[in-house]
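Undergrad: Below you will find the structure I want to go over with you.
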Amino acid sequence: MLTRRVGAVLLGMVLAAASMSTALAHGGASVVRQTDLGKVRGIDQSRSTGTYSWLGIPYAEPPVGPLRWKAPVPHQPWRGVREADTSGNGCIQQGRMFSPAPSGPHYGLDVRDGLGKPVGSEDCLTLNVFRPSHAKKNLPVIVFIHGGSNVVGYSADPMYDGRALARRTDAVVVTVNYRLGAFGWLDLPGLKTGNPVNDSGNFGTLDQIEALRFVNRNAPAFGGDPSNVTVMGESAGAVNVWALMVSPLSEGLLDKAIPLSGGLLFTTPQKARAYADGLVDEAAATGEDPDDTVRRLRSMPADDIIRAQVRQGSKVGDPPAVIADGTVLPTDHHAAIRAGKFRNVPILAGNTLEEGKLFGSTIGAFRPTDYQRFTSQYFFDPDKPSPFTVRDFIADAYLPVDGPGGWNEAADGLTDLIFTGIAHDSLNSVQAAGNKNVYYYQFGWNQEPAPFDQVYGAAHAMDLPFVFHTFDEGLFTFAFSTKNEPGRLQLSRLMIDSIRTFVRTGTPQHSGLGTRWQQWPRSVLFDAGDRSATVQPGSPGS
C-alpha cells in the first residue's frame with residue numbers, strides 16, 4: 001500500500017508539473033492536463049460556475065468484441081491533446097426512468113422513448129472530473145458511483161453534475177461509468193479463463209476498481225490528493241461502495257466512504273450461475289456446445305443481449321449483481337469484516353425516510369405507466385396550480401394514503417425491506433469490528449407541491465439533488481418550486497458542508513448544524529420547511 005501511495009504521489013508531481021508548464025505556455029490558467037494516458041483539454045467555466053471540467057475521459061479500453069465479459073484493460077495512451085468537453089456514452093442498458101435518452105447521454109423528454117428498450121453503448125468506460133477554478137493543489141477527491149439497481153444509470157445524469165459539489169466542497173469530484181446488467185455481472189462457465197479475477201463475473205465491480213486506479217495515478221494532475229479519496233455512491237452505487245470496502249483489490253484506493261441508501265448485498269455464485277444459464281437460453285439457445293455458445297454471445301449485437309435481458313427479467317427479475325466469488329469479493333462479507341479484512345475507513349451513510357415511495361410499480365401502487373408518469377412529471381410546473389390529485393398517481397387499493405394498508409404504510413414496508421435493513425446491518429457489522437468513525441443521517445424533506453408531497457415525499461434518491469446542489473434539471477425538477485426554494489437551498493448547504501468537513505476530517509460535524517452529530521447508532525435528521533432547514537437528532541434504531 002505504501003509503495004503504491006508513494007508511486008502515485010511521485011507520478012502526480014510529474015504530471016502536475018507538466019500541466020503547469022502547459023498553463024504557462026498559454027499565458028495563464030489552462031484546462032489542458034497531462035494524465036498518464038495523455039493530455040486532455042477540458043472546459044473553463046471559471047466565470048460562470050467557478051469550475052473546470054473534463055468530461056468523457058476513457059479509463060479503460062472499450063469492453064467490446066473479445067473484451068466483452070473480460071476484466072477491464074487499461075486504456076492505451078493517446079497522442080496529442082484529447083478533447084474532454086463531452087460526456088461519454090452511458091453503458092448499454094434497458095431504458096428506465098434514470099437511463100440516458102436513446103439519442104445520447106443526456107436527460108430530456110426522449111428518455112421516455114427509450115423505456116424498456118436498449119439505450120447506451122458498450123463503449124462506455126469513461127469518467128468525468130470537476131474541480132474549482134482556483135490554483136490550489138492537494139484537494140480531497142470524491143469519486144461518485146451512480147445508482148440504478150446496477151442495471152441502469154449513467155454518469156452524465158444532470159442530477160450528478162459535479163460542478164456545484166466540487167466548488168462548494170473545494171474538492172475534485174469524479175463521476176464514473178461502469179458496465180451494467182448482464183454486461184457488468186455474468187457468471188457463465190464458458191467465460192472462464194483460469195484467471196480468478198477475470199472469472200469472478202464481477203466485471204462492473206472491476207470497472208470501478210480500474211477507475212479508482214486511474215484516479216490514484218492521476219489525481220494530482222487535476223489538483224487532487226491521491227491519499228485522500230472518498231468513494232461515494234447511492235442505491236446500487238452504495239452497494240458498490242460497500243463492496244469496494246470489502247474487496248481485497250481496493251487496498252490503497254479509498255480513504256473514506258459515503259454510501260447512501262444501500263448496504264452489503266451480495267449475490268451467491270449459485271444464483272448468479274442460474275441467471276446466466278437462463279440468459280444463454282433466452283439469447284442464444286441453439287444446442288451448441290458451450291464454447292460455440294459463448295462465441296455467439298460475444299458476437300451478438302449488444303442490443304440483442306439487452307432484449308434477452310428484458311425477456312429474462314419478465315420471468316426472474318433483474319440480473320444479479322455483485323457476486324460473492326471469493327476473489328474480487330469475499331464469499332461471506334460479514335466473516336471478512338469480523339476478520340478485519342475490510343477497508344477500516346470513516347463512513348458517512350444515509351437513508352431517506354420514505355425510500356420505498358419511488359418503487360410503487362413493484363407492488364402495483366402507481367396508477368399510470370412509467371411512460372405516462374414520466375410525461376406528467378416532465379411537463380409539471382411546480383410554480384403553477386397542480387392539475388393532478390393523489391388519485392392520478394396512486395391506485396385505489398392504496399388510498400387513502402394515510403389509512404390502514406394505504407400508500408404510506410405500504411411504502412414504509414418497502415423502505416424497511418429493501419433499504420434500511422441492509423444499511424443498518426452493514427453499519428453494525430463494521431462498528432462491531434472496531435470502526436470508530438461511523439456516521440449516519442436520515443433525510444426527511446417532503447415539501448414538493450401537491451400531490452407529489454404524498455406520492456413521493458422523502459423518496460429514494462430525493463436527497464441527491466441536495467447533495468449535488470442540482471435542482472434545475474433532471475427527473476425530480478417537478479419537486480422544486482419557488483415557494484420551497486429558501487428551505488431546500490439552506491438544507492443543501494448544510495448537507496454539502498457536512499460532506500466538505502467529512503472528506504477532510506473523517507467526521508461530518510460542523511458548526512452550521514446546530515446539533516452534535518454522534519456516531520452510529522445515533523443519527524441526525526436533515527429536513528426543511530419552505531423557509532428554513534432543520535437538523536436535529538434522529539432515531540434510526542440499531
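The values are calculated or read from the model by the stated rules, or taken from the named source; none is laboratory data. Remember, it's a predicted structure, so these values are computed and weren't measured experimentally. Note that each Cβ is placed from the backbone with ideal geometry, even for glycine, and that neighbours are counted across all protein chains shown.
Undergrad: Just one of P72, P66, P77 is part of a loop (DSSP other than H, G, I, E, B) and either touching a Cys at 6+ places or on another chain (Cβ under 7 Å) or surrounded by fewer than 17 Cβ atoms within 10 Å (Cβ to Cβ) (or both); which is it? Outline the logic, then answer.
TA: Values: P72 fails: either touching a Cys at 6+ places or on another chain (Cβ under 7 Å) or surrounded by fewer than 17 Cβ atoms within 10 Å (Cβ to Cβ) (or both); P66 fails: part of a loop (DSSP other than H, G, I, E, B).
Answer to the check: P77.
Undergrad: Select, from S511, S498, S523, the only residue that is over 27 Å from K384 (Cα atoms) and without any contact (Cβ under 8 Å) to a residue 12 or more places away in the chain. Spell out how you get there, then give the answer.
TA: On the way: S498 fails: without any contact (Cβ under 8 Å) to a residue 12 or more places away in the chain; S523 fails: without any contact (Cβ under 8 Å) to a residue 12 or more places away in the chain.
Going through S511, S498, S523 in turn, just one is over 27 Å from K384 (Cα atoms) and without any contact (Cβ under 8 Å) to a residue 12 or more places away in the chain: S511.
Undergrad: Kindly indicate whether S247 is under 21 Å from L464 (Cβ atoms), polar (S, T, N, Q) and surrounded by 23 or more Cβ atoms within 10 Å (Cβ to Cβ).
TA: no
Undergrad: How many of the residues making up the stretch 366-392 are assigned to a loop (DSSP other than H, G, I, E, B) and closer than 23 Å to G406 by Cα? Write out each step before concluding.
TA: Our first condition is that a residue be assigned to a loop (DSSP other than H, G, I, E, B); within the stretch 366-392, this holds for 367-369, 380-389.
From what is left, the residues that are closer than 23 Å to G406 by Cα are 367-369, 386-389.
Selection size over the stretch 366-392: 7.
Undergrad: Now for a separate question. Helices (runs of 4 or more DSSP H) wholly in the stretch 111-221 with at least 1 residues that are over 30 Å from T369 (Cα atoms) - which ones?
TA: Details: elements: 163-169, 181-184, 203-218.
Of the helices (runs of 4 or more DSSP H) lying wholly inside the stretch 111-221, those with at least 1 residues that are over 30 Å from T369 (Cα atoms) span 163-169, 203-218.
Undergrad: Report yes if N240 is in a helix (DSSP H, G or I), touching a residue at least 12 places away in the same chain (Cβ under 8 Å), more than 30 Å from G444 (Cβ to Cβ) and among the polar types (S, T, N, Q), otherwise no. Even if it seems obvious, please write down each step before you answer.
TA: Numbers: in a helix (DSSP H, G or I): yes; touching a residue at least 12 places away in the same chain (Cβ under 8 Å): yes; more than 30 Å from G444 (Cβ to Cβ): no; among the polar types (S, T, N, Q): yes.
Spelling it out, it is not the case that N240 is in a helix (DSSP H, G or I), touching a residue at least 12 places away in the same chain (Cβ under 8 Å), more than 30 Å from G444 (Cβ to Cβ) and among the polar types (S, T, N, Q).
Undergrad: Could you please find all residues in the stretch 458-482 being part of a loop (DSSP other than H, G, I, E, B) and either more than 29 Å from V503 (Cβ to Cβ) or at pLDDT below 95 (or both)?
TA: S481, T482
Undergrad: Can you report the number of residues in the stretch 231-272 which are under 28 Å from P189 (Cα atoms) and in contact with a Gly (Cβ under 7 Å, 6 or more places away or on another chain)? Reasoning before the result, please.
TA: First pass over the stretch 231-272, keeping only residues under 28 Å from P189 (Cα atoms): 236-237, 239-250, 264-272.
Right, trim to in contact with a Gly (Cβ under 7 Å, 6 or more places away or on another chain) and you get 236-237, 239-242, 272.
Count: 7.
Undergrad: Can you find a residue that is over 16 Å from the mean Cα position of the chain (by Cα), in the same structural domain as R217 (by TED's automatic domain parsing), aliphatic (A, V, I, L, M) and not in a strand (DSSP E or B) anywhere in the stretch 96-108?
TA: no
Undergrad: Hey, can you tell me all the residues within the stretch 80-95 that are part of a loop (DSSP other than H, G, I, E, B) and over 20 Å from the mean Cα position of the chain (by Cα)? If you could, list the steps in order and put the result at the bottom.
TA: Filtering the stretch 80-95 down to residues part of a loop (DSSP other than H, G, I, E, B) leaves 80, 84, 86-90, 92, 95.
Listed by number, the residues that qualify are G80, A84.
Undergrad: Give me the residue from the stretch 173-204 that is β-branched (V, I, T) and at pLDDT 95 or above and, out of that set, nearest to P72 (Cα to Cα). I'd like the intermediate steps shown before the answer.
TA: Just the residues of the stretch 173-204 that are β-branched (V, I, T), to begin with: 173-176, 193, 197.
Add one more test, that the residue is at pLDDT 95 or above, and what stays is 173-176, 197.
Working: V173: 22, V174: 19, T175: 17, V176: 14, V197: 11 Å.
Only one residue fits best here, namely V197.
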